[in-house]
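First the structure, in the form of structure tokens, and then the observations on it.
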């Protein structure tokens with residue numbers, strides 16, 4: 001894998017994104033209500049063409065966008081990323097009818113998407129999810145019955161298809177928890193168990209509009225500027241036409257999405273680390289202490305050097321993983337896990353050191369570092385906690401050893 005460096009057009013584009021984030025997106029972010037979807041901010045991201053670009057470019061571009069926006073406006077970065085996370089399964093695995101109905105609205109910023117995988121008892125262990133998809137016979141005139149328009153999804157597996165002559169139908173029953181953009185999203189990519197006792201092989205992904213009967217939600221009071229909520233499914237009706245990727249193949253949909261977005265979580269982290277590093281450079285270069293500038297103290301200079309070293313190492317790993325994804329390399333799961341792990345842990349370190357070097361001023365509400373200190377913690381947990389990433393890395397290493405690679 002070659003070393004990653006930006007070419008001049010990429011460098012110019014990143015600078016443009018940072019300017020847009022500071023001048024056009026930051027004011028909208030500041031007007032948003034914490035814990036709620038900032039729809040004007042999402043609409044502006046659509047107007048700028050950034051959401052559409054999620055579906056027309058590769059992992060490297062996704063990382064460049066997330067890093068650049070995170071540097072100047074973490075709220076805009078997160079709004080963009082959540083649109084991509086929730087809608088990528090539709091883009092990659094959806095039917096023509098599903099794409100036509102939802103992707104244009106997502107891209108223009110008029111529909112909000114959400115990725116509903118985690119549950120109260122199945123967060124990091126996604127294969128253990130318990131939301132049930134219970135099969136029922138279809139009845140003419142109801143949701144998914146004869147005469148409803150739309151392209152069918154992949155044919156269900158034989159055990160699921162044998163019960164009815166009409167379109168396959170299920171009722172979703174159970175809960176989802178820690179879902180970003182819930183309960184305010186317009187649709188959810190929902191992962192449910194269609195085959196009990198089958199682990200990862202018994203999960204199916206469904207596209208579930210928010211107005212389906214039986215679907216309710218409530219917000220959770222979280223350390224987050226965007227909404228995070230719980231969803232309750234009380235016999236919510238879905239059909240084969242709502243499937244993403246086919247019956248019992250939802251785990252592939254989930255992992256395919258996460259393999260793309262995990263390196264870009266690392267890019268988000270790198271953007272925050274670079275913002276903290278630049279703030280620290282400026283502060284230590286002008287702050288008078290102990291008869292000179294802070295930067296002249298060896299202990300300070302060495303800490304700043306360590307912050308820069310770790311940030312650059314994380315950045316290189318993030319873009320190596322993104323390049324591997326774009327090139328279809330076989331070791332994407334390992335690289336994606338390494339990138340997310342190193343970058344999120346690095347960002348936590350860098351932001352913490354930046355706060356320490358700034359002193360009490362960094363703890364004041366509204367200070368950049370006070371904001372980053374709150375923002376930097378969650379990425380070490382979501383989309384697979386750091387411990388999960390270590391497990392993935394080890395699993396891939398041993399699998400390669402056994403395969404003689």
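The values are calculated or read from the model by the stated rules, or taken from the named source; none is laboratory data. Because the structure is a prediction, the values reported are computed rather than measured. Quick reminder, even Gly has a Cβ in these numbers, built from the backbone with ideal geometry, and neighbours come from all protein chains shown.
Filter the stretch 380-396 down to residues that are within 19 Å of residue 116 (Cβ to Cβ) and touching a residue at least 60 places away in the same chain (Cβ under 8 Å), then give me how many there are.
5
Every residue in the stretch 355-391 that is more than 21 Å from residue 274 (Cβ to Cβ) and under 18 Å from the mean Cα position of the chain (by Cα), please.
Residues satisfying the conditions are 381, 384, 385, 387, 388, 389.
Pick from the stretch 13-55 the residues that are modelled with pLDDT under 95 and out of contact with any helix residue (DSSP H, G or I) (no Cβ under 9 Å at 6 or more places or on another chain): which of them is surrounded by the fewest Cβ atoms within 10 Å (Cβ to Cβ)?
33
Would you mind stating whether residue 322 is assigned by TED's automatic domain parsing to the domain that holds residue 383 and more than 24 Å from the chain's Cα centre (by Cα)?
In short, no.
From 318, 300, which residue is closer than 20 Å to residue 372 by Cα and assigned to a helix (DSSP H, G or I)?
Just one listed residue meets the conditions, 318.
Somewhere in the stretch 69-83, is a residue in contact with a strand residue (DSSP E or B) (Cβ under 9 Å, 6 or more places away or on another chain), without any contact (Cβ under 8 Å) to a residue 60 or more places away in the chain and crowded, with 18+ Cβ neighbours inside 10 Å?
yes
Only one of 167, 183 is modelled with pLDDT of 85 or more and either outside any loop (DSSP other than H, G, I, E, B) or buried (at least 17 other Cβ atoms within 10 Å of the Cβ) (or both). Can you tell me which?
Step by step, each of 167, 183 is checked, and only 183 is modelled with pLDDT of 85 or more and either outside any loop (DSSP other than H, G, I, E, B) or buried (at least 17 other Cβ atoms within 10 Å of the Cβ) (or both).
Let me spell it out: the conditions are (1) touching a strand residue (DSSP E or B) at 6+ places or on another chain (Cβ under 9 Å); (2) more than 30 Å from residue 323 (Cα to Cα), and residue 366 meets all of them except one. Which number is the exception?
(1)
Given the options 276, 267, 336, name the one that is surrounded by 22 or more Cβ atoms within 10 Å (Cβ to Cβ) and modelled with pLDDT under 95.
After applying the criteria, what remains is 336.
Table: residues versus (1) within 26 Å of residue 87 (Cβ to Cβ); (2) touching a strand residue (DSSP E or B) at 6+ places or on another chain (Cβ under 6 Å); (3) in contact (Cβ under 8 Å) with a residue 40 or more places away in the chain.
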{"residue": "230", "(1), (2), (3)": "yes, yes, yes"}
{"residue": "267", "(1), (2), (3)": "yes, no, yes"}
{"residue": "294", "(1), (2), (3)": "no, no, yes"}
{"residue": "301", "(1), (2), (3)": "no, no, no"}
{"residue": "339", "(1), (2), (3)": "yes, no, yes"}
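Scan 323, 284, 299 and give me the residue that is surrounded by 18 or more Cβ atoms within 10 Å (Cβ to Cβ) and more than 24 Å from residue 400 (Cα to Cα).
Checking each option against the conditions leaves just 284.
Restricting to the stretch 84-122, what's the tally of residues that are more than 18 Å from residue 243 (Cα to Cα), crowded, with 16+ Cβ neighbours inside 10 Å and either in contact with a helix residue (DSSP H, G or I) (Cβ under 6 Å, 6 or more places away or on another chain) or touching a residue at least 60 places away in the same chain (Cβ under 8 Å) (or both)?
Count: 10.
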